[in-house]
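The values are calculated or read from the model by the stated rules, or taken from the named source; none is laboratory data. Worth saying up front: this structure is predicted, and the values here are computed from it rather than measured. Every residue, glycine as well, gets a Cβ built from its backbone with ideal geometry; the counts of neighbours run over all protein chains shown. Keep in mind that these areas ignore ligands, DNA and RNA; they rest on the heavy atoms of the full protein, side chains included. Shrake-Rupley method; radii C 1.70, N 1.55, O 1.52, S 1.80 Å.
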Amino acid sequence: HHGKRAESIVKGMLQHSQSSGGVKEPTDINVLAAEYLRLAFHGAKAKQKSLNTTIETDFDPSIGKVKIIPQEIGRALLNLINNAVYAVDEKMKQSPEGYEPTITVGTRKADGNVKISVSDNGRGIPQNLKDKIFQPFFTTKPTGQGTGLGLSLSYDIVKSHGGTLSVESKEGESTIFTMQLPI
């Protein structure tokens, strides 16, 4: 486990330090978000056949195209969606009665920005951990399951696009990550 985690950390560090070779291009944010949602969910489903999560989308059709590096914003989205899948799966393992795991990806246009949100009704993030979650190598996952680079990498990607990445969470109930990018 430790060897695999070390390998994952090194790969993550290399991704973290790579200078972007990508070029900003006009991209349909709704199509990009839907594509990466599908990719993340099918990847999770392939690993865990019993995954039974409701996936919802709430896309603002008025956004149009935004100049971004699609591969990078896609990677950030993939990290956020994978974390949401993990959160609802972990809550499902606790088998709360009547619990229906749900992940929602939405987009909104507001104040010269586009907001992309990934929300889940999983375990939530304890208040004492919120300040640490964007730090490199910080993870709440068990040994061998997380490197602690996903959120840090996503934060850096969004920041390099002139945007912000924020989190709202209610412990035991829900988490919403919101990327805000300038149009």
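Points to keep in mind about this one:
- Close Cβ contacts (under 6 Å, 6 or more residues apart or on different chains) running from residues in the stretch 23-52 that are at negative phi to residues that are assigned to a helix (DSSP H, G or I) and open to solvent by 40 Å² or more (accessible area, probe 1.4 Å) comprise Tyr36/Leu78; Ala40/Leu78; Ala40/Asn82; Leu51/Lys45.
- Condition check for Gly98: in a helix (DSSP H, G or I) and open to solvent by 20 Å² or more (accessible area, probe 1.4 Å): no
- Of all residue pairs spaced 6 or more apart or on separate chains, those with beta-carbon atoms under 6 Å, a first member in the stretch 150-161 that is in contact (Cβ under 8 Å) with a residue 40 or more places away in the chain and a second member that is crowded, with 20+ Cβ neighbours inside 10 Å and among the polar types (S, T, N, Q) are Gly150/Asn79; Ser154/Asn79.
- Scanning the stretch 111-134 for residues that are out of contact with any strand residue (DSSP E or B) (no Cβ under 6 Å at 6 or more places or on another chain) and either charged (D, E, K, R) or under 18 Å from Ile81 (Cα atoms) (or both) yields a total of 8.
- Candidate set: the stretch 68-95, residues that are among the polar types (S, T, N, Q) and open to solvent by less than 70 Å² (accessible area, probe 1.4 Å); chosen: the one nearest to the chain's Cα centre (by Cα): Asn79
- Among the residues listed as Lys11, Lys65, the single one being open to solvent by 40 Å² or more (accessible area, probe 1.4 Å) and either touching a strand residue (DSSP E or B) at 6+ places or on another chain (Cβ under 6 Å) or at pLDDT 90 or above (or both): Lys65
- Scanning the stretch 14-58 for residues that are assigned to a helix (DSSP H, G or I) and polar (S, T, N, Q), we see that the one that is modelled with the highest pLDDT is Asn30.
- Selection within the stretch 164-180 - surrounded by fewer than 20 Cβ atoms within 10 Å (Cβ to Cβ) and not hydroxyl-bearing (Ser, Thr, Tyr): Val167, Glu168, Lys170, Glu171, Gly172, Glu173, Ile176, Gln180
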